[in-house]
Amino acid sequence: MTDKAATDKASITAPSTSGNVIAKYLPVYFTLLAIAGLEIFLAYRNLSTLTLLVILLAMAICGAALAVMYFMHLAEERPSLFLSLIPATIFVLFMMNAIWTDSFRLLHMKPFAH
Amino acid sequence: MWLFIISDAVTFGACLMAYGYLRAASTDWPTPFKFYPTILNVIIMTFVLITSSLTMLGAVDAAKLGDKAKASRFLWSTIFLGALFAGLHIREWLGLINEGVRPFHNPWGSPLFGATFFSITGLHLLHVICGVIALIVIWRGYTRGTLTAGHVETTGLYWHFVDLVWMFVVPTIYLLSIQH
């Protein structure tokens, strides 16, 4: 097997080639557009900043999940890839969120303050 | 590519969290974005970027089928949409700069507004510009036969990631700073 053929075999994974992939992913495309439209609609409602932030982030996570699973084909990849990537990323982001609050304690030069 | 995407996702996550904490700690965070021109521009930019993901899917599919002409058309559609997005983004920046927004100064409130806005949207814009350049390189290599459909697919993953990041930038940076 040539290097080129090996690269092709290794990198092209489960997703099938239909020749009509645009039609296949149109529902995902329109859902992403609808999520974006709904976000803008909600931004003009009289919601508190915190409520709006929670709703918008939840919708952004849904949109991102659709993009990762279908546009990036993670749904069709090996489950081990999903299990090794997504929980680790979420864990790192949560830990980062926990550590950021320390920066506010350091602002007051009280690193061990409660 | 997946490892790069994950590391980049964490980088953007850190930037957005830092922005969130700075904003929460500020008592005079500006909310300057009007429907016209900013939010309308953001709507068009979002439409352009999501559509470019769809054309990228077409390019990957055509490349896998070995249809070079179709893959080229889809790749150039993606390149055009990416360049259009970058152009709209730069127009948005110039509008804000004309209104007096600088990285550490603005006419409305907390001086950190400009720093966070330009750094986060700038990092995303840099990704889009790098993506457009990468797509041109991949198109050239693929049509000449030096690169494979696998390379097109890998670049596609990067391009979809750029789209994904924008889904978080729009609500956090723009929609939470709308002028009511």
State the number of lysine pairs found in the protein assembly as shown whose Cα atoms come within less than 22 Å, restricting to pairs 8 or more positions apart or on distinct chains. 9
Pop the C-beta distance of residue A:49 and residue B:7 into the FRET formula with R0 = 30 Å and round what comes out to the nearest 0.05. 0.50
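Give me the number: length gained by fully extending residue B:137 to residue B:14, i.e. 0.36 nm times residue separation minus the C-alpha to C-alpha distance, one decimal in nm.
Values: separation 123, 0.36 × 123 = 44.28 nm, distance 3.01 nm.
Using 0.36 nm per residue and subtracting the Cα-Cα distance, I get 41.3 nm.
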Taking the Cα centre of the protein assembly as shown as origin, sum charge times position over the Cβ atoms of Lys and Arg (+1) and Asp and Glu (-1), and report the length of that vector in debye to the nearest 20. 240
Averaged over residues of A:66-74, the number of beta carbons from other chains lying within 10 Å of each residue's Cβ is 6
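Pairwise over distinct Cα atoms, reciprocal of the mean inverse distance: report the Kirkwood radius of the protein assembly as shown in Å, one decimal place. All intermediate terms of the calculation are to be shown ahead of the outcome.
Numbers: mean 1/r = 0.0491 Å⁻¹.
Its Kirkwood hydrodynamic radius stands at 20.4 Å.
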Give the Rg (one decimal place) followed by the Dmax (whole number) of the range B:22-104, computed from C-alpha coordinates and expressed in Å. 18.0, 57
Nearest-10 value in Å² for the accessible area of residue A:84, using the 1.4 Å probe: 70
Which three lengths, in whole Å and largest first, does the range B:92-180 cover when its Cα atoms are put on their principal axes? 54, 22, 18
What is the packing order of peptides B:103-109, B:17-23, taking the mean over residues of other C-beta atoms within 10 Å and listing the highest first? B:17-23, B:103-109
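Are there GluC sites (Glu not before Pro) in the range B:62-168 that DSSP marks as loop and that have at most 13 other Cβ atoms within 10 Å, and which are they? Kindly include the intermediate steps, with their values, before the conclusion.
On the way: sites: B:92, B:99, B:153; in loops: B:99.
Hits after loop and neighbour filter: B:99.
To the nearest 20 debye, what charge dipole does the range B:24-168 have about its Cα centre, counting +1 at the Cβ of each Lys and Arg and -1 at the Cβ of each Asp and Glu?
Details: 9 positive and 7 negative charges, 94 e Å.
Charge dipole of the range B:24-168: 440 debye, to the nearest 20.
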Under the Karplus curve 6.51 cos²θ - 1.76 cosθ + 1.60, θ = phi - 60°, whole-Hz ³J(HN,Hα) for the range A:36-47, x wherever Gly or Pro sits: 4, x, 5, 4, 5, 4, 5, 4, 9, 7, 7, 9
Computed D for chain B, Stokes-Einstein, Kirkwood radius over alpha-carbon pairs, 4 °C, 1.567 mPa s, to the nearest µm² per second, is 75
Using a probe radius of 1.4 Å on heavy atoms only, what accessible surface per residue do you get for the protein assembly as shown? Whole Å² is fine. 49
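The values are calculated or read from the model by the stated rules, or taken from the named source; none is laboratory data. In this text, all values refer to a predicted model and were calculated from it rather than measured experimentally. A quick note on method: Cβ atoms are made from the backbone with ideal geometry, for glycine too, and the neighbour counts reach across all protein chains shown. These accessible areas exclude ligands, DNA and RNA; they are computed on the full protein's heavy atoms, side chains included. Shrake-Rupley method; radii C 1.70, N 1.55, O 1.52, S 1.80 Å.
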